[in-house]
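Report on one structure; see the data block that follows.
Only the coordinates and a few stated rules stand behind these numbers; no lab work does. Please read all numbers here as calculations on a predicted model, not as lab measurements. Note that we place each Cβ from the backbone using ideal geometry, even for glycine, and neighbour counts take in every protein chain shown.
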Amino acid sequence: MQPRSVTPSLLLIGCGFMGSHYQRLYTRYGCSISACCDPTPEKLHEFADRHGIPERFIDYRELLDTKTPVDGIIIAAPDYLHIPVLSLALARGVPVMCEKPFAGSLADCSALPMDSEVPVVINFSKRNAPAVEVAKRFIDEGALGEIITFAGGYDQGWIHSKEYGDWETESPWAWRLDSRFAPAGVVGDLGSHLFDLVEHLIAPAAEVRGQTLVIDKGRERVGRYRLDSPDAFQALVRTDSGAAGELRASRIAVGMSDRIWMEIFGSKGSLRFDLEADKSRVEFQDADAAAPRLIAGEKPVSTYRNFLALIQGAAADPTTPGLAEGLRNQRCIAAVLNSSAERQEALNV
């Protein structure tokens, strides 16, 4: 890693929706985006011109050859590029902030040096909500007792609306529907957050079984993009602590914007949160109380701030998700996809 600079210099790979988010955020944090990269020339140049980024590259390998050493790299590219870019960055000793999901596929992960000491943050950003902070604190302190069951969901409806953009005309959304660019579809896009919350709040997943769904969109392609990655999934999960739960996610939920919720039930109490309705509070029910209480959480140090701390040589929160958490998350995603593909026979009732 190169010596720390007063103004951290970052490279940004991926100039779409999340690339814009990272650019705004890290500029506000006092960082400089010294170069950006995207394989689509029109998008690359429009993005760089709009944000005043001096250097731009089509190929991430050329970017890394030309611009390293540097303080850090942000990977906001389509899923299938995460591991190739991450592997090259680690080989160069450059700290990485990588958007979820960790990888395009579990097989991709075999190329990674999992024992690397180069700082890596995987952006499981739902951890940043105060409601998640207080949920974790209550669970860790034993307020719920032994965790027995849980349920969670993540619902978006952008296939049926243009709230985030028009997937029929805009590539930042269309690529998410193509299994070549986003092999896990909604399982990786939204499900990765759910699996991370289970492991962050309760315990690592030990068993995962699921099924996926691809809806008929009235055509097979939009431009160069196929429409074949999963649009919805359901999964049964058992943690290594013995808790059992169900998770589901969808981008075809009519009327839903960005609703992620969880309910967790223990031997002494339960809690629930809905981050779309209230990012700051959980509803906690003690087994001995007549009514639930709303409890506000404290805003934790975000994954974004923790990456900044790492590249500035400071200590980050020890629970910041890195390579190990990313790999476990990818195993959960793969388990859903594999069990769905096997189409295990259902029991007649």
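Observations on the model:
- Extreme residue, positive dipole direction of the chain, given options Ala341, Phe195, Ile148 (C-beta unit charges): Phe195
- More than 31 Å apart - percent of Cα-Cα pairs taken over the chain: 35 percent
- Rel. contact order, % - alpha carbon contacts under 8 angstrom, at least six apart, the chain: 19 percent
- Each listed q (0.12, 0.21, 0.26 Å⁻¹) maps to a log10 I(q)/I(0) for the range 67-134, found by the Debye formula over equal Cα scatterers with no solvent: -0.33, -0.86, -1.15.
- Percent breakdown of C-alpha pair distances by 5 Å bin, ordered from the shortest bin, for the range 11-156: 2, 8, 17, 19, 17, 12, 10, 7, 4, 3, 1
- Taking 0.36 nm per residue of sequence separation and removing the Cα-Cα distance, the Asp115/Arg328 pair yields an extension gain of 75.2 nm.
- The charge dipole of the chain, taken about its Cα centre with unit charges on the Cβ atoms of Lys, Arg (+1), Asp and Glu (-1) only, comes to about 400 debye.
- Cβ-derived FRET efficiency at R0 35 Å, Thr169 paired with Gln312, nearest 0.05: 0.30
- Relative to its residue count, the range 147-290 spans a Cα convex hull of 114 Å³ per residue.
- Gained length - Val254 relative to Phe17, 0.36 nm times residue gap less alpha-carbon distance: 83.2 nm
- The rule of thumb for compact globular proteins, 2.2 N^0.38 Å, goes into the C-alpha radius of gyration of the range 1-86 0.99 times.
- Average 1/r across all pairs of distinct alpha carbons in the range 225-349, invert it, and you get the Kirkwood radius: 18.5 Å.
- Mean separation of Cα contacts under 8 Å, 6 or more apart, over the residue count of the range 15-134: relative contact order %: 19 percent
- Distance from the alpha carbon centroid of the range 208-257 to that of the range 6-71 works out to 31 angstrom.
- Annotated for the chain: lysine pairs at least 8 residues apart or interchain, Cα distance under 26 Å, count 24.
- Extension gain, Glu283-Asp140: 0.36 nm per intervening residue step, less the Cα-Cα distance, totals 49.8 nm.
- The packing ranking of peptides 141-148, 74-81, highest mean first, is 74-81, 141-148, where packing means the average number of other beta carbon atoms within 10 angstrom of each residue.
- Most to least packed among 154-164, 288-298, 212-222, 85-95 [average Cβ atoms within 10 Å]: 85-95, 154-164, 212-222, 288-298
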